[in-house]
1. Tell me, yes or no, whether the stretch 254-270 has at least one residue that is at pLDDT 50 or above, farther than 30 Å from residue 223 by Cβ, surrounded by fewer than 11 Cβ atoms within 10 Å (Cβ to Cβ) and out of contact with any helix residue (DSSP H, G or I) (no Cβ under 6 Å at 6 or more places or on another chain).
2. Output the strands (runs of 3 or more DSSP E) that fall wholly within the stretch 63-164 and possess 1 or more residues being in contact with a strand residue (DSSP E or B) (Cβ under 8 Å, 6 or more places away or on another chain), closer than 29 Å to residue 227 by Cα and without any contact (Cβ under 8 Å) to a residue 60 or more places away in the chain, or say none.
3. Quick check on the stretch 112-131. Is at least one of its residues surrounded by 17 or more Cβ atoms within 10 Å (Cβ to Cβ) and touching a helix residue (DSSP H, G or I) at 6+ places or on another chain (Cβ under 6 Å)?
4. For the condition over 18 Å from residue 150 (Cα atoms), assigned to a loop (DSSP other than H, G, I, E, B) and free of Cβ contacts under 8 Å to residues at least 40 places away in the same chain, what is the one hit in 41, 16?
5. Give just the number: which of (1) without any contact (Cβ under 8 Å) to a residue 12 or more places away in the chain; (2) surrounded by 17 or more Cβ atoms within 10 Å (Cβ to Cβ) does residue 188 not satisfy?
6. Give the residues of the stretch 145-187 that are more than 23 Å from residue 70 (Cα to Cα) and touching a helix residue (DSSP H, G or I) at 6+ places or on another chain (Cβ under 7 Å), sorted by residue number.
7. So, residue 274, is that one modelled with pLDDT under 85, surrounded by 12 or more Cβ atoms within 10 Å (Cβ to Cβ), over 30 Å from residue 28 (Cβ atoms) and touching a strand residue (DSSP E or B) at 6+ places or on another chain (Cβ under 7 Å) or not?
């Protein structure tokens, strides 16, 4: 069995992406790792090269500014990396630049890839998706956050990154058939210094909207306001070992004040109560077809 990891990145240093941790977290189960490095305003290219592994295959890219609306450029960059994967690979293991896999899940993931390698009805593997928010001690726990995502897909030339690169589809926008694996993606995209987060948010909105919308809707602030969230929960687990140095560098304090949190509509409050009390995610959109094996 051959496994190819893949991802994309741009301005990793400027916006403090844990991309080195992301790549190295899954490198042990990969035979190669393809990373599309976009032309950056910082030294991202040499930063990726510093991993210094023979498994790493770098493709240098230029982001297509005409695809910025709706985040399509992110899928375009993902597909550049996906299309550069070795043809003889069985599985393609995707990870974004702010996601990390805990080492405790690697064996489960590898065993699932072995188990379903020849089961062609299985297009991919589905993982839990945990969203850290504000600091490494809290997770966003409301129903509006993604709970599960596809991160391993079969090496099929008909598969492609979908919309803003959060999932994958096959011909005619058909959802992939996936099996759930006991593994979890740790998403750290909302854990940054408030100053760095404000800059990232301004730049990130430019990938979904035109300049006029950004000027009218994104506040020009020095620090990101982390209080504008409905709900968070204390994280009781451990972080991946590759994140140890980042945790030691933590130099800001995040606290959650429920009196300052965003106030959803009555309908959303009712749905939130049902979700937290019963575990029912009414109206949940799923980017996949879950099959049992």
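The values are calculated or read from the model by the stated rules, or taken from the named source; none is laboratory data. Computed from a predicted structure; not experimentally measured. Neighbour counts run over all protein chains shown; Cβ positions are idealised from the backbone, glycine included.
1. yes
2. 124-133
3. yes
4. 41
5. (1)
6. Selection gives 152, 179, 181, 182, 183, 184.
7. no
Let's see how each residue does on (1) more than 17 Å from residue 131 (Cβ to Cβ); (2) in a helix (DSSP H, G or I):
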{"position": "179", "(1), (2)": "yes, no"}
{"position": "188", "(1), (2)": "no, no"}
{"position": "196", "(1), (2)": "yes, yes"}
{"position": "203", "(1), (2)": "yes, yes"}
{"position": "216", "(1), (2)": "yes, yes"}
{"position": "221", "(1), (2)": "yes, no"}
{"position": "225", "(1), (2)": "yes, no"}
{"position": "236", "(1), (2)": "no, no"}
{"position": "244", "(1), (2)": "yes, yes"}
